[in-house]
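J.: Provided herewith is a single structure, encoded as structure tokens, for subsequent inquiry.
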Amino acid sequence: MKIKRNKISIVGLGFVGSAMAVAINSIRNKKKNLYNVLGIEKDDLKGKNISLSLNNGIFPFKVNDKILINKAKLLKNRANFFASNNIEDIEDSKIIICSINFDLKKQSKKFITNSNNYLNVIDKIAKYINPNATLIIESTLPPGYCENKIIPRFKNIFKKRKIDINKVKIAYSFERVMPGKNYFNSIRNIWRVYAANNKAAELTCKIFFESIINVKKYPLTKMKSIRSVELTKVLENTYRSVNIAFIDEWTKISEKLGINLNKVVDAIKLRPTHSNIMRPGLGVGGYCLTKDSLLAMYSAKKIYKFNNSKFPFSNLALKVNNSMPSHTIKVIKKLNNNNLKNKKILICGASYKNDIGETRYSPSEILYKKLKKFDCKIEIYDPYVKFWSELNLKVSQKIKNFNKFDNIILAVNHNEFSNINFNKLNKKTVIVDTCGILNSKKKSILKKNDIIVYKIGQGI
């Protein structure tokens, strides 16, 4: 089939792919849409629901970014947008963007990945892609994965299709999408790093991102090789993971000393060189930071066979981050005289971060599972989540009566939680604030009402 010069296909319409589809669709030149956008999702119930939502102008995940919500409305009945569940529809695209997940976890010193499933999707793309088109991969991958896994498979399938293998054009540019109140702008206004397997793919990738990103303010960074870009993303997220783990030990000593660690952090952040120091919290969550530290280890051992590469800091950070919710459990137990049986506990926040409905690898999940062992009665409250699929639980999106709970855990800093009026709670109700929702004034008022308030990183 003849290629359509302005058709962009996005394979994978999750939190990144759906937002990319909306952003690319919104690009206009001389009052006309610059691109025709095709979204591809799995041909299953969830995938069909995502496609249906986007085709109806509804962003498929609950968010609070009004720009993204309003831009998504423009997808409805648009001639230049369609979401499909048939990957064959990519065949006349100029550019295909791969925005599917590469999953990785480590159990008993063994790596468990979805590499086979990921490569199956890559095979389908190679089977149906136009020989003159370019594949741009956004997935976070182990360093060397494109060069050692994806490109060889592409060439093999091109050979079977009797296409010159030199026509394989693959570029890599990882996403830096930040769900939340600036969700849409995090696509249009962010630095992009890229590389490609040849000059033609490199130029296509460059021209494409120059058309959707404010490159005057956020210039593109071209790297020498795809594996150097893969390493950039993995190091970037591992650094964040280590930074978060580092603050955990200072959280505990600050509480013992009765010091407000957030005030300490505020003082440190005045130095520009230390402005990115992290704050105390419940723990690390989300799809990226909970696994990306493993990707370099996986690459070293499984792709390049560097068996002497140990990554001690990265391993320790993962271990510390996974244990951080346990500190909150110890605090709750102590505040309840080590007896949580039949206690009514409200966990405010199921998502992994504020103002989104993404629950994958949420530290609240660890919190919930640990609390369940103490025979307490737990309710989950999250205005962005109706059903917690990882735990197979219904989630309350409104709470009419906070007085029925013995313990309230503020686990996520949703904007809605800052407006909760806790002043009429029963005496001796325990509130554990893990994310700095209650300021000093609110805390002081609650304490006067004989409500116990414990702030992670500060104490009572």
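The values are calculated or read from the model by the stated rules, or taken from the named source; none is laboratory data. All values derive from a computational prediction rather than experimental measurement. No Cβ is skipped: glycine too gets one built from the backbone with ideal geometry, and neighbour counts run over all protein chains shown.
J.: Regarding Lys427, is this residue assigned by TED's automatic domain parsing to the domain that holds Leu367, of a type in the set (D, E, K, R) and in a loop (DSSP other than H, G, I, E, B)?
T.: Spelling it out, Lys427 is indeed assigned by TED's automatic domain parsing to the domain that holds Leu367, of a type in the set (D, E, K, R) and in a loop (DSSP other than H, G, I, E, B).
J.: Which members of segment 232-252 meet the condition of being in contact with a Leu (Cβ under 9 Å, 6 or more places away or on another chain) and either farther than 27 Å from Arg176 by Cα or not basic (Lys, Arg) (or both)?
T.: Val234, Asn237, Thr238, Ser241, Val242, Ile244, Ala245, Ile247, Trp250, Thr251
J.: Scanning for something touching a Pro at 6+ places or on another chain (Cβ under 8 Å), under 30 Å from Phe15 (Cα atoms) and among the acidic types (Asp, Glu), does segment 412-429 turn up at least one residue?
T.: yes
J.: Go through segment 328-343 and count every residue that is in contact (Cβ under 8 Å) with a residue 12 or more places away in the chain and more than 16 Å from Leu410 (Cβ to Cβ).
T.: Count: 6.
J.: All but one of (1) in contact with a Pro (Cβ under 8 Å, 6 or more places away or on another chain); (2) farther than 18 Å from Ile95 by Cβ; (3) surrounded by 15 or more Cβ atoms within 10 Å (Cβ to Cβ) hold for Leu68; state the number of the condition that does not hold.
T.: Answer for Leu68: the failing condition is (1).
J.: Have a look at Lys448, Lys373 and point out the one that is free of Cβ contacts under 8 Å to residues at least 12 places away in the same chain, farther than 30 Å from Phe61 by Cβ and within 30 Å of the chain's Cα centre (by Cα).
T.: Lys373
J.: Here's something else I'd like to know. Against the definition (surrounded by 14 or more Cβ atoms within 10 Å (Cβ to Cβ), basic (Lys, Arg) and either free of Cβ contacts under 8 Å to residues at least 40 places away in the same chain or in contact with an Asp or Glu (Cβ under 7 Å, 6 or more places away or on another chain) (or both)), how does Lys48 come out, yes or no?
T.: Yes, satisfied.
J.: Does at least one position in segment 266-285 carry a residue that is hydrophobic (A, V, I, L, M, F, W, C) and within 21 Å of Glu175 (Cα to Cα)?
T.: The answer is yes; a qualifying residue exists.
Let's see how each residue does on (1) among the β-branched types (Val, Ile, Thr); (2) in contact with a Leu (Cβ under 9 Å, 6 or more places away or on another chain):
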position	(1), (2)
Asn49	no, no
Phe59	no, yes
Leu75	no, yes
Ile87	yes, no
Ser93	no, yes
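J.: Output the residue which, of all residues in segment 194-221 that are aliphatic (A, V, I, L, M) and crowded, with 18+ Cβ neighbours inside 10 Å, is farthest from Asn413 (Cα to Cα).
T.: Per the criteria, the residue is Ala201.
J.: Could you check segment 170-194 and list, in sequence order, the residues that are among the basic types (Lys, Arg) and closer than 24 Å to Leu231 by Cβ?
T.: Scanning segment 170-194 gives Arg176, Arg192.
J.: Checking Asn413 against (1) under 19 Å from Tyr361 (Cβ atoms); (2) touching a strand residue (DSSP E or B) at 6+ places or on another chain (Cβ under 9 Å): exactly one of these is not met. Which one?
T.: (2)
J.: Then there's this: Would you be able to say whether some residue in segment 381-390 is at pLDDT below 95, within 21 Å of the chain's Cα centre (by Cα), in the same structural domain as Val284 (by TED's automatic domain parsing) and over 17 Å from Val63 (Cα atoms)?
T.: Looking for residues that are at pLDDT below 95, within 21 Å of the chain's Cα centre (by Cα), in the same structural domain as Val284 (by TED's automatic domain parsing) and over 17 Å from Val63 (Cα atoms), one finds at least one in segment 381-390, hence yes.
J.: Take Lys369 and decide whether it is within 29 Å of Gly286 (Cα to Cα), among the basic types (Lys, Arg) and either surrounded by fewer than 19 Cβ atoms within 10 Å (Cβ to Cβ) or touching a Leu at 6+ places or on another chain (Cβ under 7 Å) (or both).
T.: yes
J.: Any residue at all in segment 35-43 that is surrounded by fewer than 23 Cβ atoms within 10 Å (Cβ to Cβ) and within 21 Å of the chain's Cα centre (by Cα)?
T.: Within segment 35-43 (the criterion being surrounded by fewer than 23 Cβ atoms within 10 Å (Cβ to Cβ) and within 21 Å of the chain's Cα centre (by Cα)), the answer is yes, since at least one residue qualifies.
J.: Only residues in segment 164-185 that are charged (D, E, K, R) count as the first member; pair them with residues that are assigned to a strand (DSSP E or B), Cβ under 6 angstrom, at least 6 apart or cross-chain, and list the lot.
T.: Lys169/Thr134
J.: Let me ask something else. Of everything in segment 318-333, what is within 20 Å of Gln107 (Cα to Cα) and surrounded by 20 or more Cβ atoms within 10 Å (Cβ to Cβ)? Give them in sequence order.
T.: Once the filter is applied, which keeps residues that are within 20 Å of Gln107 (Cα to Cα) and surrounded by 20 or more Cβ atoms within 10 Å (Cβ to Cβ), segment 318-333 yields Leu318, Asn321, Met324, Pro325.
J.: Scan segment 202-222 and give yes if some residue there is under 22 Å from the mean Cα position of the chain (by Cα) and assigned to a helix (DSSP H, G or I), otherwise no.
T.: yes
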